[in-house]
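Beneath this line is the structure, given in structure tokens, with notes to follow.
The values are calculated or read from the model by the stated rules, or taken from the named source; none is laboratory data. Being a predicted model, the structure only gives us computed values, none of them experimental. Because the Cβ atoms are built from the backbone with ideal geometry, glycine has one as well, and the counts that use them run over all protein chains shown. All accessible areas refer to the heavy atoms of the entire protein, side chains included, with ligands and DNA or RNA removed. Shrake-Rupley method; radii C 1.70, N 1.55, O 1.52, S 1.80 Å.
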Amino acid sequence: MSTHEEAKVMRPLIGITGRRFRLSLIKGADERYGDRCLDSYMSDFASRIAESGGLPVHLSYDTDATAVSQWLSGVVITGGQDVHPAYSGGDPVVVRDIDPRMDPMAHDAARDSYELALARAALERGIPVLGVCRGMQVLNVALGGTLVPDLPPGSVSHLSAEAAPTDGTADHLVTFEKGSIAADLFGEHATTNSWHHQAVDRCGTGLVVTGRTSDGVIESVELPGAPVLGVQWHPEWMKSADPAMTWIVQAAVTLLADRHGEEIRRSLR
């Protein structure tokens, strides 16, 4: 069996981030446990990763980012609430600085801190990273980039309230740069879903823009020479299998094969 085949048999561990909130937010929850918290994860990510051959692992904020990166072969930073302006180059004084466990759309400093640390740890170790919606913005901020705090109304609907989570909205066409990971996965264009009011503004160190909508909004970013991809849409909710979800698993398999090969080479020295 070849090194690459052995890596496939091992199946790569793909870490997936989530959010934390109080049980009192769940309708009908027992009041006795209302002040207890749940860690919540969109199961679509785990399902798509498993279907592609990976082993999905849900990451708590309590999982040390540097330590867990030693075990992971891939990282998916998922969507959710806005990154706090204090991290993203905006005004640190905001109205919605309330307990995120009581309002799932409030800023969550604990989540920001954890995901930024995780992104940096993964990048430092060369672990493949897929940033989805908020996750793409976290990736950008982790590298020193800034965000557009609120997109103005324009010719493209970026917050498509009428679209179901499994639909791609027909007016949301993304065009990709030739030679990019995104272009290799999707071709010259892709029709995607869209639920965001913020966007990448100035790219962080090393990141390049590889996809935009017709109004110029950045929809995909990459780190040339590294297995790093950020997409502004939600590939886990597209009707048909989105190649971004397959890509993170394949990139993780490649990393596993490289690691495994290095172990074999060391044993032969």
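Details
- Being part of a loop (DSSP other than H, G, I, E, B), open to solvent by less than 50 Å² (accessible area, probe 1.4 Å) and either touching a residue at least 60 places away in the same chain (Cβ under 8 Å) or basic (Lys, Arg) (or both) is a property that Leu118 lacks.
- Residues in region 73-89 that are over 16 Å from Gly135 (Cα atoms) and in contact with a Pro (Cβ under 8 Å, 6 or more places away or on another chain): Ser73, Ala86.
- Only one of the numbered conditions (1) of a type outside the set (S, T, N, Q); (2) in contact with a Leu (Cβ under 6 Å, 6 or more places away or on another chain); (3) crowded, with 20+ Cβ neighbours inside 10 Å is not met by Val200, and that is (2).
- Region 220-269, residues that are among the aromatic types (Phe, Trp, Tyr), open to solvent by 10 Å² or more (accessible area, probe 1.4 Å) and at pLDDT below 95: Trp237
- Matching option when the condition is in contact with a strand residue (DSSP E or B) (Cβ under 6 Å, 6 or more places away or on another chain), open to solvent by 40 Å² or more (accessible area, probe 1.4 Å), within 30 Å of Pro85 (Cα to Cα) and in contact (Cβ under 8 Å) with a residue 24 or more places away in the chain, among Thr210, Thr175: Thr175
- Residues satisfying the stated conditions in region 2-53, i.e. of a type in the set (D, E, K, R), open to solvent by 70 Å² or more (accessible area, probe 1.4 Å) and modelled with pLDDT of 80 or more: Arg11, Glu51
- For region 178-197, a tally of residues being β-branched (Val, Ile, Thr) and open to solvent by 10 Å² or more (accessible area, probe 1.4 Å) returns 2.
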